[in-house]
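**Q** Before anything else, here's the structure in question.
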Amino acid sequence: MKEITAFYLNGCPYCRNAKAALAELVSENPAYGEVPVHWYEESESPDVVQGHSYYYVPSMFIGTEKLYEAQPGQSYDEIKSHVKAALDAAMA
């Protein structure tokens with residue numbers, strides 16, 4: 001199982017939705033709770049951010065491979081779908 005590195009910003013509504021979607025997915029499928037997801041506030045973790053290419057948050061990676069980068073206007077359901085895909089990739 002691979003680890004997911006996720007970047008967010010405090011106050012970001014898309015980030016809040018991604019974290020809520022993650023919690024909902026774990027409640028629907030407890031196996032997702034086994035995936036290590038490490039959240040980093042990008043302004044507080046510049047050393048971790050370095051080497052990861054993204055513009056929008058939340059963004060999720062396995063290593064430096066981008067699995068998900070939010071886009072302005074995404075709905076909760078769209079975000080949840082992308083978070084699920086990232087979890088599935090980590091479990092593959």
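The values are calculated or read from the model by the stated rules, or taken from the named source; none is laboratory data. Just so it is clear, the structure is predicted and the values come from calculations on it, not from any experiment. Cβ atoms come from the backbone with ideal geometry, glycine included; neighbour counts cover every protein chain shown.
**Q** Residues Y68, Y56: which one is modelled with pLDDT of 95 or more, in contact with a Phe, Trp or Tyr (Cβ under 8 Å, 6 or more places away or on another chain) and aromatic (F, W, Y)?
**A** Working: Y68 fails: in contact with a Phe, Trp or Tyr (Cβ under 8 Å, 6 or more places away or on another chain).
That would be Y56, the only listed residue that is modelled with pLDDT of 95 or more, in contact with a Phe, Trp or Tyr (Cβ under 8 Å, 6 or more places away or on another chain) and aromatic (F, W, Y).
**Q** Based on what the data block shows, is K2 of a type in the set (K, R), in contact with a Ser or Thr (Cβ under 7 Å, 6 or more places away or on another chain) and surrounded by fewer than 20 Cβ atoms within 10 Å (Cβ to Cβ)? Let's see the steps before the verdict.
**A** Details: of a type in the set (K, R): yes; in contact with a Ser or Thr (Cβ under 7 Å, 6 or more places away or on another chain): no; surrounded by fewer than 20 Cβ atoms within 10 Å (Cβ to Cβ): yes.
For K2, the condition - of a type in the set (K, R), in contact with a Ser or Thr (Cβ under 7 Å, 6 or more places away or on another chain) and surrounded by fewer than 20 Cβ atoms within 10 Å (Cβ to Cβ) - is not met.
**Q** Looking only at the range 12-39, count every residue that is surrounded by fewer than 17 Cβ atoms within 10 Å (Cβ to Cβ) and among the aromatic types (F, W, Y) and tell me the total.
**A** Within the range 12-39, residues that are surrounded by fewer than 17 Cβ atoms within 10 Å (Cβ to Cβ) and among the aromatic types (F, W, Y) number 1.
**Q** Under 7 Å between Cβ atoms, which residue pairs at least 6 apart in sequence (or on different chains) link something in the range 74-92 that is under 16 Å from V57 (Cα atoms) with a partner that is of a type in the set (D, E, K, R) and part of a helix (DSSP H, G or I)?
**A** K80/E24
**Q** Being within 18 Å of W39 (Cβ to Cβ) and surrounded by fewer than 16 Cβ atoms within 10 Å (Cβ to Cβ) is the filter here, so list the residues in the range 78-92 that pass it. Step through it out loud before you land on a result.
**A** Start the filter on the range 78-92 by keeping residues that are within 18 Å of W39 (Cβ to Cβ), which leaves 79-80, 82-87, 89-90.
If the condition is that a residue be within 18 Å of W39 (Cβ to Cβ) and surrounded by fewer than 16 Cβ atoms within 10 Å (Cβ to Cβ), then A85 is the only one that fits.
**Q** Search the range 57-77 for residues being outside any strand (DSSP E or B) and crowded, with 16+ Cβ neighbours inside 10 Å, and hand back the single one that is farthest from the chain's Cα centre (by Cα). Can you show your working first?
**A** Within the range 57-77, the first condition is being outside any strand (DSSP E or B), and the residues that meet it are 57-58, 63-64, 70-77.
In the following step, the residues that additionally are crowded, with 16+ Cβ neighbours inside 10 Å were identified as 57-58, 70, 74.
Details: V57: 9, P58: 6, A70: 9, Q74: 14 Å.
My answer is Q74.
**Q** What is the one condition in (1) at pLDDT 95 or above; (2) assigned to a helix (DSSP H, G or I) that V48 does not satisfy?
**A** That leaves (1) as the condition not met.
**Q** Here is a further query. Can you pull out every residue in the range 17-44 that is small (G, A, S) and either in contact (Cβ under 8 Å) with a residue 12 or more places away in the chain or touching a Lys or Arg at 6+ places or on another chain (Cβ under 9 Å) (or both)?
**A** Quick first cut of the range 17-44, residues small (G, A, S) only: 18, 20-21, 23, 27, 31, 33, 43.
Within the range 17-44, A18, A20, A21, A31, S43 meet the criteria.
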